[in-house]
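The values are calculated or read from the model by the stated rules, or taken from the named source; none is laboratory data. Being a predicted model, the structure only gives us computed values, none of them experimental. Note that each Cβ is placed from the backbone with ideal geometry, even for glycine, and that neighbours are counted across all protein chains shown.
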């Protein structure tokens, strides 16, 4: 009984962290069709922003939920203006340029913070279920992921800004003809995507030792989650994160964490081979 | 592609001669050897990406696979000839399987990139986790993140005690690179190569003309992997140890950067890009003011933004404008530029 609860919580946690990791990329890649290979580094910078802020005496939740997204969002703004802006519509070039950016940020972080592991302790204590110890912070991540999904859904579906953004992503010329500046909309969307990446990096920072190269651990997972999700942003994110998270945890518990990771990747290859349009390309067409 | 195969052969001989006689006076042969190996690796991706339009994010997987195959086989056999062959064949077979799975599934572009990336990651994670003594192939322990040291290095075929090392190993590598370059040139001049370029330009049209696009892409992919595997085996002989970092994403990224900087759609571009950037990295590694990775990243971003064709095509264009006859086929050139980076079916 206790074990069942623990496994259930771990599965929910795995799904939630996949949603967090992929949300920023889902906006930048799913909506803007910019393959952001610097996504992992955006997360890494979110983590460093949190740790720096906490060391300066800021409350940890404040640092994670407000400062990190804003800092990374601003970095995203600069990146969009300097690099990405010139490459819209050139899929392969965005991929290469952002790969360059990712290396650039790794180098920058190494120069500033050094090639050492830094970290902060989790702000929520663990507790016991029967004979098992559970990390209380896991629940925080699950809650954040749920709030994030609801928030994204609400903004995209229920607000005028979301409507304009979705419209401009589909037909930027029509949006321009109706008096909205696609340039600004792209800029704002990229800001949101980067801020989401920063938030994810910040929230996950207490769980991992942070090194300048830790972004690489996220990028592949984020990518396969978003691509396997397919064209519909939120349903896709939810379904593919659910699928991969559960596969990962089943194999983690049954065999070992490494096999869990490998199983996730193998599942991704098989899934993409069977459903090259992604899960939502096949099953929930066209709904956000 | 103007000229003929015999003209190619002369060019390649000339370049090899320069490589063998002049370069060792400027750079030590030990460093040159690794530059040549990287050049070959760059060429392998330059072939399938520049001419076949297949953007593979996991060329490092084949490189690493070649190196590991060589190391494992060399420990078990104790002689280097057969392991060298295996190091070419195993990655090629692996690529043929992977390629068949992808191309017969009609995956293109992003999906191709993601799958090759993921496969590289799987290999990286798997090899990294094989530190325990239960992971053995024959007499060879896989060694996890410590890698495999102490295998038999290259020897004269049939004489396991006559090692080829130092300067002579450099000559072997240089000649092998020239040979591979010649074979690649011959392949590109053959009808197979021309059809491959056709597929890069317009996949649908080629398939409507009756060519089996899927099979041809798979074969080309396997050829690229074979070259990368050979480079991997040569790397293993140079470094005398193989580690999982050969499979890392950073390695894959570097290969792509070499091709972009050197110039896609050319044979010499990726080789020059690889050797040049690897040497630059070597020089940068000797200073500690600016981080190495930062500069690599900056180079890639600047090239994508300002010189997306790469150095060699840009120089060739400059040469044509300055000294050549007035270009007749301007439209063809533009079309080639536009289609850089993949066949979007």
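Before we move on, is residue B:236 assigned to a helix (DSSP H, G or I) and closer than 18 Å to residue B:188 by Cβ?
no
Could you grab me the full set of residues in segment A:267-288 that are within 21 Å of the chain's Cα centre (by Cα) and at pLDDT below 85?
Pass one, segment A:267-288, residues within 21 Å of the chain's Cα centre (by Cα): A:267-269, A:271-272, A:277-281, A:287-288.
Result: A:268, A:269, A:271, A:272, A:277, A:278, A:279, A:280, A:281, A:287, A:288.
Among residues belonging to segment B:282-293 that are within 14 Å of another protein chain (Cβ to nearest Cβ) and either modelled with pLDDT of 85 or more or loosely packed, with under 15 Cβ neighbours inside 10 Å (or both), point out the one that is nearest to residue B:19 (Cα to Cα).
Here is the first cut: in segment B:282-293, the residues within 14 Å of another protein chain (Cβ to nearest Cβ) are B:284-285, B:287-293.
Narrowing the set further to residues that are either modelled with pLDDT of 85 or more or loosely packed, with under 15 Cβ neighbours inside 10 Å (or both) leaves B:285, B:287-290.
Values: B:285: 24, B:287: 27, B:288: 30, B:289: 32, B:290: 31 Å.
The residue in question is B:285.
Here is a list: B:325, B:336. Which entry is more than 26 Å from residue B:37 (Cβ to Cβ), modelled with pLDDT under 80 and in a helix (DSSP H, G or I)? Give the derivation first.
Details: B:325 fails: in a helix (DSSP H, G or I).
Within the list B:325, B:336, the selection yields B:336.
Of (1) within 11 Å of another protein chain (Cβ to nearest Cβ); (2) closer than 29 Å to residue A:167 by Cα; (3) over 14 Å from the mean Cα position of the chain (by Cα), residue A:261 satisfies all except one. Which?
The failed condition is (2).
Name the single residue that is surrounded by the most Cβ atoms within 10 Å (Cβ to Cβ) among those in segment A:36-68 being outside any helix (DSSP H, G or I) and without any contact (Cβ under 8 Å) to a residue 12 or more places away in the chain.
Here the answer is A:58.
Pull up segment B:11-27, narrow it to residues that are surrounded by 12 or more Cβ atoms within 10 Å (Cβ to Cβ) and without any contact (Cβ under 8 Å) to a residue 12 or more places away in the chain, then point me to the one that is nearest to residue B:239 (Cα to Cα).
If we take residues in segment B:11-27 being surrounded by 12 or more Cβ atoms within 10 Å (Cβ to Cβ) and without any contact (Cβ under 8 Å) to a residue 12 or more places away in the chain, then B:23 is nearest to residue B:239 (Cα to Cα).
Go through the residues of segment B:244-255 one by one and say whether even a single one is closer than 27 Å to residue A:223 by Cβ, more than 10 Å from every other protein chain (Cβ to nearest Cβ), modelled with pLDDT of 85 or more and in a loop (DSSP other than H, G, I, E, B).
No.
Taking residue A:193 and the conditions (1) in contact (Cβ under 8 Å) with a residue 60 or more places away in the chain; (2) away from every other protein chain (no Cβ under 14 Å); (3) under 17 Å from the mean Cα position of the chain (by Cα); (4) closer than 26 Å to residue A:247 by Cα, which numbered condition does it fall short on, given that it satisfies the others?
So the condition that residue A:193 fails would be (4).
Among the numbered conditions (1) under 21 Å from residue A:13 (Cβ atoms); (2) surrounded by fewer than 22 Cβ atoms within 10 Å (Cβ to Cβ), tell me where residue A:196 comes up short.
(2) is the only condition that residue A:196 fails.
Keeping to segment A:103-126, report how many residues are assigned to a helix (DSSP H, G or I) and more than 7 Å from chain B (Cβ to nearest Cβ).
Number satisfying all stated conditions: 4.
Residue-by-condition table, conditions (1) in contact (Cβ under 8 Å) with a residue 12 or more places away in the chain; (2) surrounded by fewer than 19 Cβ atoms within 10 Å (Cβ to Cβ); (3) within 14 Å of chain A (Cβ to nearest Cβ):
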{"residue": "B:92", "(1), (2), (3)": "yes, no, no"}
{"residue": "B:99", "(1), (2), (3)": "yes, no, yes"}
{"residue": "B:103", "(1), (2), (3)": "yes, no, yes"}
{"residue": "B:107", "(1), (2), (3)": "no, yes, yes"}
{"residue": "B:121", "(1), (2), (3)": "yes, no, yes"}
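Among the residues of segment A:167-191, what is the count of those that are part of a helix (DSSP H, G or I) and touching a helix residue (DSSP H, G or I) at 6+ places or on another chain (Cβ under 6 Å)?
12
Can you name the residue in segment B:143-163 that is without any contact (Cβ under 8 Å) to a residue 60 or more places away in the chain and in contact with a strand residue (DSSP E or B) (Cβ under 9 Å, 6 or more places away or on another chain) and, of all such residues, is nearest to the other protein chains (Cβ to nearest Cβ)?
Selected residue: B:143.
Going by the structure shown, is residue B:264 within 13 Å of another protein chain (Cβ to nearest Cβ) and in a helix (DSSP H, G or I)?
Criteria not met by residue B:264.
May I ask you to list the residues in segment B:123-134 that are more than 25 Å from the chain's Cα centre (by Cα) and within 12 Å of another protein chain (Cβ to nearest Cβ)?
B:129, B:130, B:131, B:132
So, in segment A:239-260, how many residues would count as being crowded, with 24+ Cβ neighbours inside 10 Å and either out of contact with any helix residue (DSSP H, G or I) (no Cβ under 6 Å at 6 or more places or on another chain) or under 22 Å from residue A:147 (Cβ atoms) (or both)?
Total satisfying the criteria: 3.
Out of A:100, A:89, I need the residue that is within 14 Å of chain B (Cβ to nearest Cβ) and surrounded by fewer than 13 Cβ atoms within 10 Å (Cβ to Cβ). Which one? Walk me through it before giving the result.
Details: A:100 fails: surrounded by fewer than 13 Cβ atoms within 10 Å (Cβ to Cβ).
Every option except A:89 fails the conditions.
For residues in segment B:302-319 being assigned to a helix (DSSP H, G or I) and buried (at least 21 other Cβ atoms within 10 Å of the Cβ), which is nearest to the other protein chains (Cβ to nearest Cβ)?
If we take residues in segment B:302-319 being assigned to a helix (DSSP H, G or I) and buried (at least 21 other Cβ atoms within 10 Å of the Cβ), then B:304 is nearest to the other protein chains (Cβ to nearest Cβ).
How about segment B:281-301: which of its residues are farther than 18 Å from residue A:101 by Cβ and either out of contact with any helix residue (DSSP H, G or I) (no Cβ under 8 Å at 6 or more places or on another chain) or part of a loop (DSSP other than H, G, I, E, B) (or both)?
Of the residues in segment B:281-301, the ones farther than 18 Å from residue A:101 by Cβ are B:281-289.
Across segment B:281-301, the qualifying residues are B:283, B:285, B:286, B:287, B:288, B:289.
Could we say that residue A:209 is without any contact (Cβ under 8 Å) to a residue 60 or more places away in the chain and either out of contact with any strand residue (DSSP E or B) (no Cβ under 9 Å at 6 or more places or on another chain) or surrounded by fewer than 18 Cβ atoms within 10 Å (Cβ to Cβ) (or both) here? Give the derivation first.
On the way: without any contact (Cβ under 8 Å) to a residue 60 or more places away in the chain: no; either out of contact with any strand residue (DSSP E or B) (no Cβ under 9 Å at 6 or more places or on another chain) or surrounded by fewer than 18 Cβ atoms within 10 Å (Cβ to Cβ) (or both): yes.
No: the conditions fail for residue A:209.
Limited to segment B:174-214, what total is found for residues that are over 24 Å from residue B:14 (Cα atoms), in a helix (DSSP H, G or I) and touching a residue at least 60 places away in the same chain (Cβ under 8 Å)?
The total comes to 9.
Within segment A:219-233, can you find the residues that are more than 10 Å from every other protein chain (Cβ to nearest Cβ), modelled with pLDDT under 85 and not in a loop (DSSP other than H, G, I, E, B)?
Across segment A:219-233, the qualifying residues are A:229, A:233.
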